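The values are calculated or read from the model by the stated rules, or taken from the named source; none is laboratory data. The model shown is predicted, which means the values in this text are computed figures rather than measured ones. Because the Cβ atoms are built from the backbone with ideal geometry, glycine has one as well, and the counts that use them run over all protein chains shown.
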Amino acid sequence: MSKNIFCEQLYRKVGEDIVLTPDKSTVTDPITGILWKHGKNKVAEWDNHFGLDIYAAFINRTTLDQATGDGVYSVEFNGKPLKTFTLSVIKVVPKPAITSSCNPDKTSCTLTCEGNTTDAEPVTYRWKLGEGAWEVSGQQKIVSRNDNTNISYTCQLKNPVSEASEDFDKDLFGPGERTGHCPIISSLAIYSISYSQIPPSGCTAKSTMDTVVASLCC
């Protein structure tokens with residue numbers, strides 16, 4: 001084949017039609033013959049004397065056909081190779097599911113974006129935190145307790161013909177685990193309650209206030 005032949009990579013979903021259209025403007029002579037090939041096999045051939053022939057493997061392709069038709073297609077004009085198309089027929093990605101697992105002391109958790117991507121490759125995984133921008137990453141996302149602010153996480157599976165995403169809104173580290181002031185406030189509340197047993201008025205209101213603050217915090 002000529003070194004100047006242009007190659008194009010194409011992706012299509014399973015069951016989707018495709019039209020391969022070469023650029024005839026690069027052919028300077030009058031066109032007297034056209035040949036399409038799938039790999040080394042002839043698909044269709046036309047010449048100005050005998051007309052069009054469709055070869056056996058591609059006759060009646062409008063009926064149910066279990067073959068996807070992916071592979072390398074090439075076209076020749078006047079017996080000279082003009083262009084090749086590499087066609088990959090792939091499935092759409094499934095809607096993913098997000099699972100989580102944390103270390104024993106719950107200082108970090110790992111989110112995993114799961115989905116059966118068989119026959120859907122190439123697939124990329126993307127993650128988004130809250131309303132932030134998408135970040136191309138791997139299948140897993142590590143979240144630290146220090147960085148966690150109860151925002152949602154979204155995982156997306158994406159391939160050249162489709163995309164699907166799933167949200168994860170569960171609080172990974174549980175309520176109240178990121179605050180360190182409750183023990184101090186609780187101690188102050190106990191001290192105030194003990195002090196309120198002394199007769200002078202005015203202390204009871206303060207102890208009640210401290211108790212409310214402690215209960216709200218913890």
Inset, instruction - Could you list all residues from the range 115-129 that are of a type in the set (Ser, Thr, Tyr) and either in a strand (DSSP E or B) or modelled with pLDDT under 90 (or both)? - result: THR124, TYR125
Inset, instruction - Among the residues of the range 17-38, write down those that are closer than 30 Å to VAL123 by Cα and surrounded by 12 or more Cβ atoms within 10 Å (Cβ to Cβ). - result: ILE18, LEU20, PRO22, LYS37, HIS38
Inset, instruction - Considering only residues that are aromatic (Phe, Trp, Tyr) and farther than 30 Å from THR117 by Cα, look in the range 1-54 and name the one that is farthest from the chain's Cα centre (by Cα). - result: PHE50
Legend entry - Yes/no for GLU114 being farther than 30 Å from THR21 by Cα and either of a type in the set (Phe, Trp, Tyr) or without any contact (Cβ under 8 Å) to a residue 12 or more places away in the chain (or both): no
Legend entry - Those residues of the range 5-55 which are among the polar types (S, T, N, Q) and either farther than 30 Å from SER162 by Cα or in a helix (DSSP H, G or I) (or both), in sequence order: SER25, THR26, THR28, THR32, ASN41, ASN48
Legend entry - Filter pass, THR112 being in a strand (DSSP E or B), modelled with pLDDT of 90 or more and not aliphatic (A, V, I, L, M): yes
Inset, instruction - Scan the strands (runs of 3 or more DSSP E) fully inside the range 130-175 and keep the ones with 2 or more residues being in contact with a Lys or Arg (Cβ under 9 Å, 6 or more places away or on another chain) and charged (D, E, K, R). - result: 162-168
Legend entry - Looking only at the range 80-109, and only at residues there that are part of a loop (DSSP other than H, G, I, E, B) and hydrophobic (A, V, I, L, M, F, W, C), the one that is surrounded by the fewest Cβ atoms within 10 Å (Cβ to Cβ): VAL92
Inset, instruction - Provide a single number: the residues in the range 1-51 that are within 16 Å of SER88 (Cα to Cα) and of a type in the set (S, T, N, Q). - result: 1
